[in-house]
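*Asks:* Just dropping this structure here.
The values are calculated or read from the model by the stated rules, or taken from the named source; none is laboratory data. Predicted, not measured: the structure shown is a model, and the values here were computed from it. Ideal geometry is used to build each Cβ from the backbone, glycine not excepted, and the neighbour counts take in all protein chains shown. Quick note on the areas: whole protein, heavy atoms, side chains included, nothing else; ligands and nucleic acids left out. Shrake-Rupley method; radii C 1.70, N 1.55, O 1.52, S 1.80 Å.
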Amino acid sequence: MKVLRYTQAMVDEFVRAGYWTNETFYDSYDRNARELPDQEALVDSQHRVTWREARDLVDAIATGWVEAGIPKSARIVIQAPNSVYGFLARAAAERAGLISMTAFATLRQNELEDILEKTQAEVAVIPAVFRGFDYLAMYRDLMVRFPSLRRLYLFDDVVPDNAPDGTKSLTRTAHHYLGRIDRATLNKRRFDPFLDVALLTTTSGTTGLPKLVEWPLAPRVCTSKGRIDLWALTKDDVTMAIAPHAGGAAGTLTYFAAPLCGAKTVMLEDFNPEVALQTMAREKVTAIGVVPTHLVRMLEKNVEAYDLSSLRFIRSAGGYLSPQLAREAEARFGAVITSDLGTQDKGSVSGCRVSDPGELRRLTVGQMLPGNEVKLLGEDGQIVPPNEPGVLWFRGPHSPAGYYRDPVMTAEVFDADGWCTTEDVVKFDQGCLWILGRQKDVIIRGGQNIYPAEVEGLMNEHPSVAAVAVVAMPDTEYGERACAFVVLRQGQSLTLESLKDFLSTKKVAKFKWPERLECIDVMPTVGDSGKVDKKALRTQLTATAQLA
């Protein structure tokens, strides 16, 4: 299946510049099996495999799928918690020439129906039960509604008696085919890294159902190499997926980047802060992939009781990380925080180096990734003057091929030359991107712009504030005013007047101060992404106003 958006001219441009190569992710497994055969590759609470074992298991699973008659470019849904066989299934899909859609474990029937309808997926790989939820029962119902879905593979060793006919164990399939690997046939099913759709990802948007995004392999390999350089990642590193590997926060570090340099990956199947800290200490982890919520939860524990001396850096993504929280995490974990900018449907934009000064790592999203071009536009659509904020537009070798089989939506987001916008209002300073807020989240109070991220950054320095989100509230006089939703630190309190007193010491314009304060127990997020759901906050604000 050929990608929608890429042209041969675009491929030639990025190949000629050296950003895109003919490499696949499976090539990394194969190379590591030859060069690092006995080095551990993947670890979870049940399995430990070396690179040679990982490569052979990938080949065995892929052979089993080919012999089952699954055609090349068939779509396969992999709904996996962090696990060794979740990774092996993703790599095996690529090896067998199957287009994989890796879904968050939190997705349920409503979202999956939309995915299955769009993709006409033939195969799903799932746990029978996870976190007390019966995935097998859900997929049994889905198979009735979607006849294209004909095969289930379970991460479990034993297939329950009530499973649909033909359901197989992925682990048993892997070991059954270890002695029957057909590498010649698998080689013939190799994806074209430039023009074949190989991967599908979902957005974590707050409106409607998740959108599907199609990717060939070349841009994902390109981005992974860029991240490896920023993180100084090597074969001696031990990465750890704390956030779900289906998303970028952990997936970019562990599934995509680690194999390219031969680094080991440890997987935490279900987040528990104490288990996470224990695992980091036991496995001598050097890099973790988290969303800010994971850091908050771990910092509530006695971090100092664990030997985390091996930890080099923390990759936080998927949501706003306050400078205050970043400083606390760096001090208590003894590791640097690195952040970046990217989205599932627009691609990767920028990133911080682990060697960057602390202020830049904590306050910015770093420099543009190699090959990315950027322009900042004002409300009039014109390029803004130097040092002025503007809406971020970029193009480059790190972007996807568009929305899955939807040329209309793809053309709405990417212009003919490949430019798209993240909708972030940003500024450039010291060679780095500073995020001021989302274009749609900018609050216009009496004709003056309030950038929520700027105010949130200041409020996060307040000793009573654990988390904050600033949103617009309608106002008859000014059009909009700012409302601050705050999660308080344990045992702390906060009033609107004391907040204003605090902001007055920050020498920030008075019109930017929040004019309403809502203290809440927990910040709503979008699924497992860790992103604050500001739409939910605005809805809550509207409901509260109606009751007043």
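*Asks:* Which residues, counting only those in region 426-438, are open to solvent by less than 10 Å² (accessible area, probe 1.4 Å) and over 20 Å from the mean Cα position of the chain (by Cα)?
*Replies:* Val426, Cys432
Every residue, every condition in (1) open to solvent by less than 50 Å² (accessible area, probe 1.4 Å); (2) of a type in the set (S, T, N, Q); (3) farther than 26 Å from Leu376 by Cα, yes or no:
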{"residue": "Lys440", "(1), (2), (3)": "no, no, no"}
{"residue": "Ile444", "(1), (2), (3)": "no, no, no"}
{"residue": "Tyr451", "(1), (2), (3)": "yes, no, no"}
{"residue": "Val455", "(1), (2), (3)": "yes, no, no"}
{"residue": "Val471", "(1), (2), (3)": "yes, no, no"}
{"residue": "Pro474", "(1), (2), (3)": "no, no, yes"}
{"residue": "Glu477", "(1), (2), (3)": "no, no, yes"}
{"residue": "Glu480", "(1), (2), (3)": "no, no, no"}
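*Asks:* Could you list, in sequence order, the residues of region 248-267 that are of a type in the set (A, V, I, L, M) and crowded, with 24+ Cβ neighbours inside 10 Å?
*Replies:* Result: Ala249, Ala250, Leu253, Ala257, Ala258, Ala263, Val266, Met267.
*Asks:* Hey, which of the helices (runs of 4 or more DSSP H) in region 123-212, taking only ones fully inside, have at least 2 residues that are at pLDDT 95 or above and of a type in the set (Phe, Trp, Tyr)?
*Replies:* So the answer is 135-145.
*Asks:* Six or more apart or on different chains, Cβ atoms under 6 Å: show the pairs whose first residue is in region 473-490 and farther than 27 Å from Glu461 by Cα and part of a loop (DSSP other than H, G, I, E, B) and whose second is open to solvent by less than 70 Å² (accessible area, probe 1.4 Å) and at pLDDT 85 or above.
*Replies:* Going by the 6 Å Cβ cut-off, the qualifying pairs are Tyr478/Arg445.
*Asks:* In addition: In region 91-112, which residue that is farther than 26 Å from Val158 by Cβ and at pLDDT below 95 is least open to solvent (accessible area, probe 1.4 Å)?
*Replies:* Only one residue tops the list, namely Glu111.
*Asks:* While we're on this one: Take residues that are within 21 Å of Ala91 (Cα to Cα) and tell me which of the helices (runs of 4 or more DSSP H) falling wholly in region 230-295 contain 1 or more.
*Replies:* Helices (runs of 4 or more DSSP H) meeting the threshold: 248-251, 258-261.
*Asks:* Filter region 48-92 down to the residues that are over 18 Å from Gly262 (Cα atoms), β-branched (Val, Ile, Thr) and within 21 Å of the chain's Cα centre (by Cα) and list them by number.
*Replies:* Passing the criteria: Ile76, Val77, Ile78.
*Asks:* If you don't mind, there's one more thing I want to ask. Checking the condition out of contact with any Ser or Thr (no Cβ under 9 Å at 6 or more places or on another chain) and more than 30 Å from Leu537 (Cα to Cα), which residue from Leu195, Leu217, Leu253 passes?
*Replies:* Every option except Leu195 fails the conditions.
*Asks:* Let me ask another. Report, by residue number, each residue of region 421-458 that is out of contact with any strand residue (DSSP E or B) (no Cβ under 8 Å at 6 or more places or on another chain) and among the β-branched types (Val, Ile, Thr).
*Replies:* Answer for region 421-458, where residues must be out of contact with any strand residue (DSSP E or B) (no Cβ under 8 Å at 6 or more places or on another chain) and among the β-branched types (Val, Ile, Thr): there is none.
*Asks:* Still on this structure: In region 381-420, what count of residues is obtained for those that are within 25 Å of Ile115 (Cα to Cα) and in contact (Cβ under 8 Å) with a residue 60 or more places away in the chain?
*Replies:* 15
*Asks:* If we keep just the residues of region 523-535 that are closer than 19 Å to Gln439 by Cβ and either in contact with a helix residue (DSSP H, G or I) (Cβ under 6 Å, 6 or more places away or on another chain) or modelled with pLDDT of 80 or more (or both), which is most open to solvent (accessible area, probe 1.4 Å)?
*Replies:* It comes out as Lys535.
*Asks:* So, one more: May I ask you to say which residue of Val336, Val365, Val349 is at pLDDT 95 or above, open to solvent by less than 20 Å² (accessible area, probe 1.4 Å) and not hydroxyl-bearing (Ser, Thr, Tyr)?
*Replies:* Val349
*Asks:* Checking the conditions here, which among Arg31, Arg16 is crowded, with 16+ Cβ neighbours inside 10 Å, over 25 Å from the mean Cα position of the chain (by Cα) and not hydrophobic (A, V, I, L, M, F, W, C)?
*Replies:* It is Arg31.
*Asks:* Determine whether region 154-164 contains at least one residue that is touching a strand residue (DSSP E or B) at 6+ places or on another chain (Cβ under 8 Å), of a type in the set (Val, Ile, Thr) and farther than 30 Å from Val526 by Cα.
*Replies:* yes
*Asks:* Return the residues of region 49-89 that are among the basic types (Lys, Arg) and in contact (Cβ under 8 Å) with a residue 24 or more places away in the chain; say none if nothing qualifies.
*Replies:* Residues satisfying the conditions are Arg55, Lys72, Arg75.
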